[in-house]
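The values are calculated or read from the model by the stated rules, or taken from the named source; none is laboratory data. Keep in mind that what you see is a predicted model, and the values were worked out from it rather than measured. Note that we place each Cβ from the backbone using ideal geometry, even for glycine, and neighbour counts take in every protein chain shown. Note: areas computed on protein heavy atoms with side chains; ligands, DNA, RNA excluded. Shrake-Rupley method; radii C 1.70, N 1.55, O 1.52, S 1.80 Å.
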Amino acid sequence: MQAMEAGAEVEALERDGAVVVRGAVPPDWIARMRDAIEGELSAPSATSAEYGRVAGRFYGDFFLWLRNPIFADFALNSPMPALAAQLMRSRTARLFYDQLFVKEPGSVERTPWHQDLPYWPVTGRQVLSIWVPFDAVGPDNGVVTYVRGSHRRGETYRPQAFDAANQGAFAASAYPPIPDIDADPERFPMLSWELEPGDVLVHLGLTIHGAPGNRTADRRRRALAIRYTGDDATYDPRPGTFMDMASVRANIPPAGIAAGAPMGGPLFPLAWPQG
Ligand SMILES: O=C(O)CCC(=O)C(=O)O
């Protein structure tokens, strides 16, 4: 399969910082991944976290592909890597990591407003996330929402941990705290979509985004974010990234590449072009 020509979706992503791609995930992948997610939820890994401080289950985990072959197959061999390369206008797409976010009915905890790149030991413009929902999702059950054009403002904000245990991990970050996004809708215009399983959201590394809680009584919100890097991305293990979280230091192998080197090595494998 060849990466498709850049089109309207690429232009929308570059303009707005986020775009919806309808029908990107075939139904058989949705079914396989739903089963794989249930397996993860019933046997939480050492890197997993429970973010629900108020009520309901808000479950997170990352680098699932390293130990679960179905997650690895999805991140490396589904249509996702070609989509990532196309949308980054990149010859290559490397898997950076995958991250599971499950908001069960009644989990009212918000996903805080943030940009991804400040959390990551990466520098570059060709860095994006594909957010893949496995349930129908909208504002009532926690669809990811974006601040339109926020990747082009030249502003970078300090990461904040989603859970209480890791609040200290980002203290060394050099960036200022994020302003109150909800307080100023004119300065921070919102962008969001209603999605069916098969649709995906794609956002760039500096786009401000967050998600409401799942306020429904009976609609799950299972989603996997897969992060890919392109040709221009380099390894930047500066202080105050998620590499400083205790669960990452203890459980994820070192990248084994030098600061400033192109992303690569076994921790960040080539996903596109495929084999
Ligand atoms: O699914 C969520 O609630 C958060 C997703 C997110 O922040 C991300 O994919 O970067």
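Using the structure shown, decide if G210 is at pLDDT below 95 and surrounded by fewer than 20 Cβ atoms within 10 Å (Cβ to Cβ). In short, no.
Only residues that are more than 9 Å from the ligand (Cβ to nearest atom), surrounded by fewer than 19 Cβ atoms within 10 Å (Cβ to Cβ) and closer than 17 Å to R215 by Cβ were counted in region 106-125, giving 2.
Selection within region 35-91: residues that are surrounded by 15 or more Cβ atoms within 10 Å (Cβ to Cβ) and among the basic types (K, R). The member of this set that is nearest to F134 (Cα to Cα) is R57. Among P262, P273, which is the only one that is of a type outside the set (D, E) and over 19 Å from L87 (Cα atoms)? Going through P262, P273 in turn, the sole match is P262. Residues in region 156-187 that are farther than 14 Å from H209 by Cα and in a helix (DSSP H, G or I): 8 in all. Among all positions in region 233-243, there is no residue which is hydrophobic (A, V, I, L, M, F, W, C) and loosely packed, with under 12 Cβ neighbours inside 10 Å. Is one or more of the residues making up region 137-144 in a helix (DSSP H, G or I) and within 12 Å of the ligand (Cβ to nearest atom)? Yes, region 137-144 has at least one match.
Residue selection: L95 fails the criterion of being within 12 Å of the ligand (Cβ to nearest atom) and either buried (at least 19 other Cβ atoms within 10 Å of the Cβ) or within 20 Å of G154 (Cβ to Cβ) (or both). Looking only at residues in region 220-232 that are open to solvent by 20 Å² or more (accessible area, probe 1.4 Å) and of a type outside the set (D, E), the one that is farthest from the ligand (Cβ to nearest atom) is R220. Put simply, of I70, I37 the only residue that is assigned to a helix (DSSP H, G or I), away from the ligand (no atom under 15 Å from the Cβ) and of a type in the set (V, I, T) is I70. Residues being within 13 Å of the ligand (Cβ to nearest atom), outside any strand (DSSP E or B) and among the hydrophobic types (A, V, I, L, M, F, W, C) are entirely absent from region 145-155. Checking each residue in region 80-103 for being touching a helix residue (DSSP H, G or I) at 6+ places or on another chain (Cβ under 9 Å), within 19 Å of D35 (Cα to Cα) and outside any helix (DSSP H, G or I) picks out D98, Q99, L100, V102, K103.
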